[in-house]
Amino acid sequence: MQIHPIKALSDNYIWVMEEGKDAAVVDPGESQGVLEYLEKEQKNLQGILLTHEHTDHVGGVEDILAAYPDTPVYGPSETAEYASTIVKKGDTVELLGLTFEVLKTAGHSKEHISFLSGDSLFCGDALFSGGCGRVFTGDYQAQYDALQQFAKLNGTVAVYAGHEYTETNLRFAQSVEPDNEKIAEALKEAQEKRENDQPTLPSTIEKEKNINLLMEAENLERFIELRKARDEF
């Protein structure tokens with residue numbers, strides 16, 4: 001499977017998965033870049049995966065469906081306005097000859113899900129490189145549990161998150177642990193990539209376990225402390 005990022009809005013990534021001439025799209029926050037890419041590459045759209053209902057992740061669905069009618073859309077119950085098939089924890093989705101396992105990864109939104117296929121994790125705003133999404137629900141336990149779930153995945157799993165927040169997340173992490181060499185190295189790498197307009201994603205679970213303070217928080221209380229500090233950073 002080939003995976004291609006499409007930049008959207010101010011800092012979103014829309015991920016396009018490809019198998020030959022077939023493609024599937026994850027969290028299309030807008031439509032123009034997706035439609036242009038599919039046309040240019042002559043791809044057949046086979047499906048859309050949605051992790052949650054926020055506009056910057058679903059805003060392009062309607063226009064994409066207008067161009068590609070009857071394309072199946074899979075998402076959690078909170079995306080019912082857009083999804084033709086509602087999926088939940090434990091369900092699987094078959095696309096591009098691949099099986100995607102649905103993980104419940106709430107906290108950022110009540111019904112946020114992630115999709116895992118082999119060594120590819122599409123996690124929306126539940127996990128970023130160096131951080132995680134804001135806990136808009138106020139359910140810090142759910143977000144903490146989601147990060148613990150991610151931490152148990154194979155270290156080789158590639159993390160395809162929904163936003164380019166890596167540099168800011170790592171600057172925050174460095175402010176907390178200024179002597180952490182792994183964080184310093186990761187920040188330097190991220191800054192170099194951004195200077196060259198390159199994405200810092202995907203990351204990997206192994207890498208995140210070394211640089212993501214929120215994922216590695218030793219308990220819920222420490223996670224809440226770090227997440228609230230990151231909100232103010």
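The values are calculated or read from the model by the stated rules, or taken from the named source; none is laboratory data. Please read all numbers here as calculations on a predicted model, not as lab measurements. Here Cβ is always computed from backbone atoms with ideal geometry, including for glycine, and neighbour counts include all displayed protein chains.
Out of all the residues in the range 156-180, which are part of a helix (DSSP H, G or I) and of a type in the set (A, V, I, L, M, F, W, C)? Within the range 156-180, Leu170, Phe172, Ala173, Val176 qualify. On the stretch given as the range 57-78, residues that are surrounded by fewer than 15 Cβ atoms within 10 Å (Cβ to Cβ) and either at positive phi or aromatic (Phe, Trp, Tyr) (or both) total 1.
Residues checked against (1) in contact with a Lys or Arg (Cβ under 9 Å, 6 or more places away or on another chain); (2) of a type in the set (Phe, Trp, Tyr):
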site: Leu65; (1), (2): no, no
site: Asp70; (1), (2): no, no
site: Tyr74; (1), (2): no, yes
site: Ala83; (1), (2): no, no
site: Lys88; (1), (2): yes, no
site: Leu103; (1), (2): yes, no
site: Ala106; (1), (2): no, no
site: Ser117; (1), (2): no, no
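Looking only at the range 74-100, which residues are among the hydroxyl-bearing types (Ser, Thr, Tyr), in contact with an Asp or Glu (Cβ under 8 Å, 6 or more places away or on another chain) and assigned to a loop (DSSP other than H, G, I, E, B)? Listed by number, the list holds a single entry, Tyr82.
Here Leu103 passes the criteria (1) within 23 Å of Tyr144 (Cα to Cα); (2) out of contact with any Ser or Thr (no Cβ under 6 Å at 6 or more places or on another chain); (3) not in a loop (DSSP other than H, G, I, E, B) except the one numbered (2). Among residues of the range 158-182 that are in contact (Cβ under 8 Å) with a residue 40 or more places away in the chain and closer than 29 Å to Gln2 by Cα, those with a Cβ under 6 angstrom from a residue that is of a type in the set (Gly, Ala, Ser) and part of a helix (DSSP H, G or I), sequence gap 6+ or separate chain, pair up as Leu170/Ala186; Leu170/Ala190. Filtering the range 131-155 to residues that are part of a loop (DSSP other than H, G, I, E, B), without any contact (Cβ under 8 Å) to a residue 60 or more places away in the chain and surrounded by 14 or more Cβ atoms within 10 Å (Cβ to Cβ) leaves Gly133, Phe136, Thr137, Asp139, Leu153. Checking each residue in the range 210-224 for being out of contact with any strand residue (DSSP E or B) (no Cβ under 6 Å at 6 or more places or on another chain) and surrounded by 14 or more Cβ atoms within 10 Å (Cβ to Cβ) picks out Asn210, Ile211, Asn212, Leu213, Met215, Glu216, Ala217, Leu220, Arg222, Phe223, Ile224. Screening the range 181-233 for helices (runs of 4 or more DSSP H) wholly inside it with 1 or more residues that are over 23 Å from Val135 (Cα atoms) returns the ranges 181-195, 205-211.
Of all residues in the range 92-110, none are surrounded by fewer than 15 Cβ atoms within 10 Å (Cβ to Cβ) and of a type in the set (Lys, Arg). Restricting Lys40, Lys21 to residues that are modelled with pLDDT of 95 or more, of a type in the set (D, E, K, R) and closer than 24 Å to Thr99 by Cα narrows the list to Lys21.
Restricting attention to the range 187-233, the residues that are among the hydrophobic types (A, V, I, L, M, F, W, C) and in contact with a Gly (Cβ under 7 Å, 6 or more places away or on another chain) total 3.
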